[in-house]
1. Please determine, in degrees from 0 to 90 and to the nearest 10, the orientation of helix 166-195 with respect to the longest principal axis defined by the Cα atoms of the chain, where the helix direction is its Cα long axis.
2. Would you compute, from DSSP H runs of 4+ residues alone, the mean residue ellipticity of the chain at 222 nm, taking -39500 (n - 2.57) per run and dividing by the full residue count, rounded to the nearest 500?
3. Could you compute the net charge surrounding Glu74? Neighbours are other residues with a C-beta less than 13 Å from the C-beta of Glu74; K and R count +1, D and E count -1.
4. Take the Cα atoms of region 2-219, find their three principal axes, and give me the spread along each one in whole Å, biggest first.
5. Taking 7 Å along the Cα-to-C-beta vector as the label spot, tell me the Ser67-Val156 distance in nanometres, rounded to one decimal.
6. Find the centroid of the Cα atoms in region 122-197 and in region 16-47, then give the distance between the two in whole Å.
7. Helix 22-36 against the longest principal axis of the chain: what's the angle in degrees, Cα atoms only, rounded to the nearest 10?
8. Could you please rank Lys145, Lys106, placing first whichever residue has the fewest other Cβ atoms within 10 Å of its Cβ?
Amino acid sequence: MAAWYNGESSNVFDITQWGNNTQTMLEQFWIDLINQNQGRICYFHNFGGYDAILSLPALLNLPYTFSPIMKDGEIIAIKVTNKGRVLLTIKDSIRILPGSLSKLAKDWGAETQKDHFPHYFWKDCIELTLRYSGPLPEYKYFEPKRTSQTDYEEMVEMFKDRDWNFLKVSRQYIIGDVKATYQVLIKYFETLVSKFPIDPLKVYSAPSTAFKRSSNREVI
């Protein structure tokens, strides 16, 4: 799945909409993201790691021009342009706010907290997995670092009288992630602007933010 959220609107894509073809789904995700958010900056949390590996081939397959900014072999930002016009700037939010999204959402008091999901759940093939609707998957399918036994017991209680639907929960999970990322960034940017004469949209990493703070203090 893939999703985006800009504070006003959102969209979620899953491979069942595109004949279980991941490449097609991701291409449609990028097209929609760019068309609906032209000229904006889009943040992915840990884009230089997991997200880039999965989604970049689909983006690079589209008829745009790409200007990446790299550091230590990892992507920090990408400008997507068409005939010289910037359509979208992609940045990695983990560069300016290191840490897991779950911890950041808690630390910054985001309205949307990161949910729990059985990342190891599998029913023989992708089609059966996507169609699954039934009892909550066993605890062994959850990542213990993200989901405690207490968290799981709360979910057991939540789903004791209703089915756990893979697609429905997946959509809720991924839209929750992008909303939490947006809310954390807004809170961080507001805090930064209130304390320092810095445009947070012009920084690429925590060290560059610290450098700008130091530079501004010298000028002041």
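1. Between helix and principal axis, roughly 20 degrees.
2. Helix-only estimate at 222 nm: -13000 deg cm²/dmol.
3. Net charge in that neighbourhood comes out at 0.
4. The Cα atoms of region 2-219 stretch 62, 41, 33 Å along their principal axes.
5. 5.6 nm
6. Rounded to whole Å, the Cα centres lie 20 Å apart.
7. Taking Cα atoms only, the helix is inclined about 50 degrees.
8. Fewest-to-most Cβ neighbours within 10 Å comes out as Lys145, Lys106.
Every number here is computed from the coordinates shown, using simple stated rules; none is lab data. If you're wondering where the values come from, they're calculated on a predicted model, not measured in any experiment. Positions of Cβ are backbone-derived with ideal geometry, glycine not excepted, and every protein chain shown enters the neighbour counts.
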